[in-house]
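The values are calculated or read from the model by the stated rules, or taken from the named source; none is laboratory data. This one's a predicted model, so the numbers in the text were calculated from it and none came from an experiment. As a convention, Cβ positions derive from the backbone with ideal geometry for all residues, glycine included, and neighbour counts pool all protein chains shown. With ligands, DNA and RNA removed, areas are computed over all heavy atoms of the protein, side chains included. Shrake-Rupley method; radii C 1.70, N 1.55, O 1.52, S 1.80 Å.
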Amino acid sequence: EIRPRDWSSDVCSSDLLVGAVALSFTLPFAWVTPTEPLHVALIFALGVFGGAGHFLLFHALKRTRPSVLGPFSYIHLVWVSVLGHAVFGEFPDAWGLLGIAIIVASGIYIALAEHSRMRRREREAPVQ
C-alpha cells in the first residue's frame, strides 16, 4: 500500500532508476541505434506514455485499495488481443479465450467479495 505522504514522482523515479540500472546490462547485447526519426519519436512517446501511466497508477493507488483497481487492469487483455490481431494477424484460440475468461472472472469475484466484506465491516463497526 502506498502511504498518503509518498509522492508519486518519488515512487516513479525509483522505479525508473531500478529499471534503467537493471536493463542497462542488456544494452551491449541488444541495442540497435535508431536511424529513422519515426523510431526515435516512437521510443520517446513510449517513455512519455509509460511514465504517465505509472504516475497515474500511483495516484490511483493512493486514493483507493488495490483490490478495487485490480479488475481495471484486466482491460490490457482486451487491448493485447486487439493489437495482436491488428499488428500480427493473430487472435487467441479457444484455450486462450478460456484463460482470459477465467482471469477476468476471478478478478470480478475478488472485487465483489472484497466489496461485500468492506460493507459488512462498515455495518458491524460501532457507531461513535
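Observations
- Flag if Val80 is under 15 Å from the mean Cα position of the chain (by Cα), within 19 Å of Gly50 (Cβ to Cβ) and at pLDDT 80 or above: yes
- Some residue of the stretch 77-85 being touching a Ser or Thr at 6+ places or on another chain (Cβ under 6 Å) and surrounded by 12 or more Cβ atoms within 10 Å (Cβ to Cβ): no
- Note on the stretch 88-101: among residues that are assigned to a helix (DSSP H, G or I) and open to solvent by less than 100 Å² (accessible area, probe 1.4 Å), the one that is modelled with the lowest pLDDT is Ile100.
- The single residue among Phe49, Phe72 that is open to solvent by 80 Å² or more (accessible area, probe 1.4 Å), at pLDDT 80 or above and assigned to a helix (DSSP H, G or I) turns out to be Phe49.
- Candidates in the stretch 12-46 are the residues that are open to solvent by 90 Å² or more (accessible area, probe 1.4 Å) and hydroxyl-bearing (Ser, Thr, Tyr); of these, the one that is nearest to the chain's Cα centre (by Cα) is Thr33.
- Selected residue (only one of Ile108, Ile103 is without any contact (Cβ under 8 Å) to a residue 40 or more places away in the chain and within 16 Å of the chain's Cα centre (by Cα)): Ile103
- Residue in the stretch 119-126 that is surrounded by 10 or more Cβ atoms within 10 Å (Cβ to Cβ) and not β-branched (Val, Ile, Thr) present: yes
- Flag if Leu56 is touching a Leu at 6+ places or on another chain (Cβ under 9 Å) and either modelled with pLDDT under 80 or closer than 30 Å to His115 by Cα (or both): no
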